[in-house]
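Take a look at the structure below.
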Amino acid sequence: MTNKEFLERISRKTDLEMDEVKFMSASLIEAVLEGVHEGDSVTIQGFGSFEPRVKASRKIYNPTSKTYMVVPSKTTLGYKMSAALKTQLNKE
Amino acid sequence: MNEKLSLQNIADALAQKAGVSKKAADAFSKAFFDTIVEVLATGEDAVKVKGMGTFKLVSVGNRESVNVTNGERIVIPGYKKVAFTPEESVVEFLNGKEEIRAESEVHTESEVHTESEVHTEKEIHTEKEIHTEITEYTGIIETEADNLSAISARDKKIKKEEKDDAPGDEEAIDALIQVLEPVHVEQAQDKFAAIDLVISTPESVAELRQQYEEAKAKMESAVEEARKANAEKMRLEKLLKRLEAYEVPESAEELPAEQEEQPAFDTSEEVETPVEQPAEKQQAVAETQTVENVAAVQQQPVPAKSEEEKRQEAFNRIMSERPKPEEPQEEKNGKRWWIIAIVALLLAAILFFLYRTFQNIEAVEEVPKVERKVKPNRPDKPAKPASTVVQDSLKKAQQADSIKKAQEADSIRKAFVADSLKKAEKAEKERIAKEEKAKKPARPATHVMQRGESLTRISQKYYGTKDSVRAIIRANTFKDPNNVPVGATVKLP
């Protein structure tokens, strides 16, 4: 499902205009990301939790130039689904 | 820092950011995440959320494990889980947008060994990483597109505002619209009328029908031609039979048997639609001729023994065979000669059959039929001009038929050969699979680690499944199961 379809669905559900939904969802995501950026984990009940995940730096070998490169560590957005969501998805 | 934020905190932040009430913000954020869950629960395999990433439904397969208390093997059932891939922009944001991509470093040779090992361990993940990269890029493209649309929307808004500022312009535009409108409306109406015309006029319908009828007629004429050709053949055969019936009434017993053969020779459609009128005319002509010939036949009785031999030779080259002048027989001798003729024909047919089997199966089946049809004409041989014409055309028809059948037979044979080849391949594969199966039980008790091997790979190799990794780990005492040194001996449980 694309972003557009997803937003349309929210729009139907909340009786908001598409423009409003776009704006609100962008703000919501921003709020979550800001929380994560500060090192907090954001838990949404019935959905899951977002947390910063640190990927360690690693060295890679480039076979053509025969050099080793260091890929620095970086932080990504980690997500773990909640137990409630798991049971809901595996009902059958 | 390291706090646990809940939906409530997020909703509050949202209310602040968007300038809406806390209640509305709370409702919206609930709706937002509920929608994702709903969509995934309906079986959609992925939800892309711009500015965040992709939530993807992934199914985890069954895996084997060992009960720690009693050592029994158990199967942990598979389940569905939601995997999340963040967008590139999210990662950039979380890393403070300062991306120091990679530093090049040249390492000494002693380091090379360890590095390559690290590399092989990471290899397993590369496929996944490529996938995530792809999704990230698609996410970026989407965000760009959305940004563009947002910009255009903003432009529109600005224009609106400008309009409000300049009422004079608006008036001008209104006037313009008023001027333009009637013309456009008229044009549009005209177009609609034209479309209506096209749809409703009986002429256009009639035209279409005519085209349809023409096409149909063409098809039918083609079918009719084919039918005529077949009907012609049928008619000629009937004619021949009529001739026999006239002249050799004793052979009436044998005729039904021959008639039974014919349906097999013709396709069902041909039998249904013989062209009757011309056939009857010709039959009438042939009948008058045969009546005359019967009279002539009875006047001059001649021995037919040599004729029988000639016939037999002639059967061996049926395609080029021509009817020879033959003397009729007396009615009493007729029956005996008939039997001899049939025996001779059968012999010839068998010879032909054996000869043709090497070339073509279908053609062989065709030959004996040809002979039988020609045969009954012989002993009486009265209507020479009529029968030659009849036989010639019959032969032509049969030749064309046999060629067709030969082609069919050829294609059938090819298909058969291809089929048997496939079967052979299948059998070969099965045999190999069996051999492999037979090999598996005979696995060694230990395995020496080679470079580039992992326990997962060993499990796959000896047990045919990755699920046995845990069993292997339990059977050994590794310092680090994820990094077993090269040359280490692994016990295989």
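General observations
Residue by residue, here is whether (1) in contact with an Asp or Glu (Cβ under 8 Å, 6 or more places away or on another chain); (2) within 30 Å of B:Pro485 (Cα to Cα) holds:
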site	(1), (2)
B:Asp392	no, no
B:Ala397	yes, no
B:Gln407	no, no
B:Lys429	no, no
B:Val448	no, yes
B:Arg457	no, yes
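- The single condition from (1) at pLDDT 80 or above; (2) touching a Phe, Trp or Tyr at 6+ places or on another chain (Cβ under 7 Å) that B:Ala475 fails is (2).
- Matching option when the condition is within 7 Å of chain B (Cβ to nearest Cβ), farther than 15 Å from B:Gly53 by Cβ and under 15 Å from the mean Cα position of the chain (by Cα), among A:Thr43, A:Thr67: A:Thr43
- Across the stretch A:1-18, the number of residues qualifying as surrounded by 17 or more Cβ atoms within 10 Å (Cβ to Cβ) and not in a helix (DSSP H, G or I) comes to 2.
- Residues of the stretch B:475-488 classified as touching a residue at least 40 places away in the same chain (Cβ under 8 Å) and more than 51 Å from the chain's Cα centre (by Cα), total: 1
- For the stretch B:439-474, filtered to residues that are small (Gly, Ala, Ser) and under 22 Å from B:Glu72 (Cβ atoms), the residue that is farthest from the chain's Cα centre (by Cα) is B:Ala445.
- The residue that is surrounded by the most Cβ atoms within 10 Å (Cβ to Cβ), counting only those in the stretch B:11-25 that are of a type in the set (A, V, I, L, M, F, W, C) and either within 14 Å of A:Val32 (Cβ to Cβ) or touching a Lys or Arg at 6+ places or on another chain (Cβ under 6 Å) (or both), is B:Leu14.
- Any chance B:Val469 is β-branched (Val, Ile, Thr) and either at pLDDT 85 or above or under 30 Å from B:Arg356 (Cα atoms) (or both): no
- Of the candidates A:Lys66, A:Lys13, A:Lys22, the single residue that is charged (D, E, K, R) and either touching a residue at least 40 places away in the same chain (Cβ under 8 Å) or under 27 Å from A:Lys86 (Cα atoms) (or both) is A:Lys13.
- Contacts under 9 angstrom Cβ, first residue in the stretch B:233-251 being at pLDDT 80 or above and of a type outside the set (A, V, I, L, M), partner outside any helix (DSSP H, G or I) and surrounded by fewer than 22 Cβ atoms within 10 Å (Cβ to Cβ), 6 or more apart: B:Arg235/B:Pro274; B:Arg235/B:Val275; B:Glu237/B:Asp266; B:Lys238/B:Pro274
- Counting only strands (runs of 3 or more DSSP E) that fall entirely inside the stretch B:1-76 and contain at least 3 residues that are at the interface with chain A (Cβ under 7 Å from one of its Cβ atoms) and without any contact (Cβ under 8 Å) to a residue 60 or more places away in the chain, the qualifying elements are B:4-6, B:46-49.
- Here A:Ala84 passes the criteria (1) facing another protein chain (nearest Cβ under 8 Å); (2) surrounded by fewer than 19 Cβ atoms within 10 Å (Cβ to Cβ) except the one numbered (1).
- Within the stretch B:451-469, being crowded, with 18+ Cβ neighbours inside 10 Å and under 16 Å from B:Asn62 (Cα atoms) holds for B:Ser459, B:Tyr463, B:Asp467, B:Ser468, B:Val469.
- The set of residues in the stretch A:49-61 that are closer than 26 Å to A:Lys86 by Cα and either more than 7 Å from chain B (Cβ to nearest Cβ) or surrounded by fewer than 16 Cβ atoms within 10 Å (Cβ to Cβ) (or both) comprises A:Ser49, A:Phe50, A:Glu51, A:Arg53, A:Val54, A:Lys55.
- Filter pass, B:Lys395 being closer than 19 Å to B:Arg356 by Cα, part of a helix (DSSP H, G or I) and under 21 Å from the mean Cα position of the chain (by Cα): no
- Checked across the stretch A:71-81, the condition of being assigned to a helix (DSSP H, G or I), at pLDDT 85 or above and within 7 Å of chain B (Cβ to nearest Cβ) holds for no residue.
- Any hit, the stretch A:19-36, residues being of a type in the set (Phe, Trp, Tyr), within 7 Å of another protein chain (Cβ to nearest Cβ), farther than 23 Å from B:Glu44 by Cα and part of a strand (DSSP E or B): no
The values are calculated or read from the model by the stated rules, or taken from the named source; none is laboratory data. Computed from a predicted structure; not experimentally measured. Counting neighbours? That spans all protein chains shown, and the Cβs are built from the backbone with ideal geometry, glycine included.
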